Amino acid sequence: MKKIGAVFEQKEYICKTVFQQIHNYMFPKSIRNITIFCLFILTYNGIAQNNFKFDESDYQTIIKRSKQEKKSVFLMLYATWCPHCTKMKTEVLQDTLVQKLLNENYIYSWQDIEKPEGIMLKNKFKVTSIPTFIFLDSNENELYRLKNEYKTTDFIAEIKNALNPKSQLPYLEKEFSKDPSNADKWLNYMNVMKKGRNRSDLSVTAHRYLETQSDQQLISQTNWQIISNGVTDITSREFQYVLHHQKEFEAISSPSRVERKISNIVTELLQPFTKNLDTINYKKQREIAQKIGSKKVDSLLFTYDITIAERTGNWSSYKKTTIESTEKYAWNNSSLLKEISKNYLKHIAEIPSLKEAIKWTNHSLELNDVFDGNLLLSQLYLKINDKKMAVLKAQKAKEICSGLGCNSKDIDELMLELGQK
C-alpha cells in the first residue's frame, strides 16, 4: 500500500506542477487555484479508477484474501457472449461510486462460467441465469444475491442493502425461523431471495409458512401473494386448494393473475422435461397437468406436445397431435400455424394431411398476408401436385416480395421449378 501511495504522490506532484506553471501564465491567482484543485481531483480520481481491477484468482484464493483483509466477497458470474453481462462490466461496474463501495467493503472477483473455475462456481451456487452477483462472508456464507442487468443507481442501492445486516439472507432466515407463521417475516425473506434465486428456491420456506395456515386462512390477499410467489408443486395441498376454489382466489386477486399462476406452475412442471427430452417423466407429469381442465393449460400442453414430437423426430405423434388440436389451440396464431405447416412440408407425405396444412396456412394468411406464408402455401400445393394453385400463390409471393424489395432467391427458384420466368 505504501508503494501505491508513493506512486500516487509522485503523479500528483507532477500534475500539480504542470498545472501551476500553465495557469500562472494564463489566469489570475483566484481562478488558478480553483482550476488547479479541480484538475488535481480529476487526475487523482482517474489514477485511482485505473487501478480498480477485478481479481480473477481461483475461488479459494479469493476466500483466503477475504479472511486476511477482513472483507466480504463480491462475486460476479458472467459469460462473454452475454450482452447483459457485458453492459454490467463495461458500464455499471465502471461507475466511480460502485467501485468505491466495492473497494471499501469487498474482495471483488468475476469468473467466466465457461472456464473451469466459473463452471465450478456455477454448479456450487446453482446459478441458472447470468449475470449473477453473489455476496459472501469470509466463511462462505451467502449474504445476498442478485441476478440479471441493473441500472447503475439501482445497483448502488442493492450494494448498500447487501451491506445492511438486517437485509442479509442469514438474518432474514433466522427471523423467519423464529416464527414460521408470521407472514410479514416470510415476505421480507422472500423479497430478498427472489432478487437472485429461482422460484423453486422459495418453495421450501413458503410451504413451511403455509403449513401453519388452515384451508380457510389460505384465502387472503397475503396468502395468495405467498402462494403466487412460493408454490411450485402442482400436487401440493395449497395449489390444489387454489384449483378447487379458483373463484374465491380470483375475487381477492383477479382472474388474469390466478390464470397466470396456473399457467406458470404448469410451465415450471413441464418445461425442464421438454428441454431435456425426458419423455417418460414428461408423460407422467402431463397427466397431472391435464386434470386441471383449463383451456389455457390445454393450449400449453399442445405446445409442449408438438415441441417434444418435433425435437425427437416423432412425426407420427406430431401429425396426430396437430390434426386433433391445431384448430383448437393455434387457430388465431399466424406464426404457429405457419411453423406447423412448414414441418408438414418437410416431414409429412400423405396428401390428406398436407391438405390440412394448406387449410392452416390459408388461415394464417387471412390473419397476416405475408410473403413467407404465400411462398409456403405455393410449396405445399406443389407437394400435392396442384401446380395451378402453386403458380397463383408463387405469383402472389413474388408480388409481395417485389413491393418490399426483399431477397427473391427462394421465390425465383420456385418459379423456375413451376416453369415460370
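The values are calculated or read from the model by the stated rules, or taken from the named source; none is laboratory data. Because the structure is predicted, anything quoted here is derived from the model rather than measured. Positions of Cβ are generated from backbone atoms using ideal geometry, with glycine treated the same way; all protein chains shown enter the neighbour counts. We work out accessible area using only protein heavy atoms, side chains counted, and drop any ligands, DNA or RNA first. Shrake-Rupley method; radii C 1.70, N 1.55, O 1.52, S 1.80 Å.
Here the range 81-159 exposes an accessible surface that is 50 percent carbon and sulfur, computed with a 1.4 Å probe and the other protein chains kept in place. Computed with a 1.4 Å probe on the full set of protein chains, the accessible area for residue 178 sits at about 130 Å².
With semi-axes defined as the square roots of five times the eigenvalues of the C-alpha gyration tensor, the equivalent ellipsoid of the range 195-306 measures 24, 16, 12 Å, largest first.
Close amide H pairs (under 5 Å, H built 1.01 Å from N) link residue 143 with 135, 136, 137, residues at least 5 positions away or on another chain. Annotation: per residue accessible area for the chain equals 56 Å², rounded to a whole number [probe 1.4 Å, protein chains only]. For a Förster distance of 35 Å, can you work out the FRET efficiency between the beta-carbons of residue 87 and residue 194, rounded to the nearest 0.05? Efficiency at R0 = 35 Å is approximately 0.95.
Straight-line reach from residue 67: taking Cα to Cα under 16 Å and skipping same-chain neighbours fewer than 8 places apart, the aspartates and glutamates in range are 55, 58, 104, 137, 140, 142.
Cβ-Cβ distance of residue 372 and residue 177, R₀ of 60 Å, FRET efficiency by 1/(1 + (r/R0)^6): the value works out to about 0.55. Computed from label points 7 Å out along Cα-Cβ, the spacing between residue 166 and residue 299 is 4.6 nm. Ordered by solvent-accessible area of protein heavy atoms (1.4 Å probe), largest first, the residues 406, 85 come out as 406, 85. Of all lysines in the structure, those lying under 26 Å Cα to Cα from residue 398, and not within fewer than 8 positions of it along the same chain, are 338, 342, 346, 355, 359, 383, 387, 388, 409, 421.
Accessible area ranking (1.4 Å probe, heavy atoms, ligands and nucleic acids excluded), largest first, for 232, 132, 80: 80, 232, 132. Between residue 245 and any residue 5 or more places off or on another chain, the built amide H atoms are never under 5 Å apart. Which percentage, to the nearest 5, of the DSSP beta bridges contained in the chain is antiparallel? Restricted to the chain, the bridges split so that about 55 percent are antiparallel. Straight Cα distances below 19 angstrom link residue 261 to the aspartates and glutamates 201, 215, 233, 238, 248, 250, 287, 298, with same-chain residues fewer than 8 positions distant left out. Taking the charge dipole of the chain about its Cα centre, with +1 at Lys and Arg Cβ atoms and -1 at Asp and Glu Cβ atoms, the residue from 277, 130, 406 reaching farthest to the positive side is 130. Take residue 201: with every protein chain present and a 1.4 Å probe, its accessible area is about 60 Å².
The long axis of helix 59-69 is offset from the longest Cα principal axis of the chain by roughly 30 degrees.
Calculated mean residue ellipticity at 222 nm for the chain: -22000 deg cm²/dmol, from DSSP H runs with n ≥ 4 weighted as -39500 (n - 2.57), summed, divided by the residue count and rounded to 500. With a Förster radius of 30 Å applied to the beta-carbon distance between residue 263 and residue 404, the computed FRET efficiency rounds to 0.25. Summed over all non-identical Cα pairs, the Kirkwood treatment of the chain gives a radius of 27.2 Å.
Sorting 87, 185, 166 by solvent-accessible area of protein heavy atoms yields 166, 87, 185, largest first, with a 1.4 Å probe.
Amide H contacts of residue 108 (H built 1.01 Å from N, in plane; Pro and chain starts excluded): 55, 74 sit under 5 Å, all sequence-distant by 5 or more or on other chains. Overall, the chain carries a charge dipole of about 660 debye about its Cα centre when +1 sits on the Cβ of Lys and Arg and -1 on the Cβ of Asp and Glu, all other atoms neutral.
Residues in the range 298-311 carry Karplus couplings, in order, of 4, 5, 4, 4, 4, 5, 5, 4, 6, 5, 5, 4, 5, 6 Hz; the curve used is 6.51 cos²θ - 1.76 cosθ + 1.60 with θ = phi - 60°, and Gly or Pro positions show x.
Using the alpha-carbon positions of the range 45-157, Rg (one decimal) and Dmax (whole number) come out as 13.3, 38 Å.
Across the range 290-421 the C-alpha pair distances fall into 5 Å bins from zero in the proportions 2, 11, 20, 20, 19, 12, 9, 5, 2, 1, 0, 0 percent. Accessible surface of residue 245, taken over heavy atoms with a 1.4 Å probe and every protein chain present, rounds to 50 Å².
Peptides 90-96, 376-382, 325-331, 358-364 ranked from most to least packed give 376-382, 358-364, 325-331, 90-96, packing being the mean of other C-beta atoms within 10 angstrom over each peptide's residues.
The relative contact order of the chain, computed from alpha carbon pairs under 8 Å that lie at least 6 residues apart in sequence, is 7 percent.
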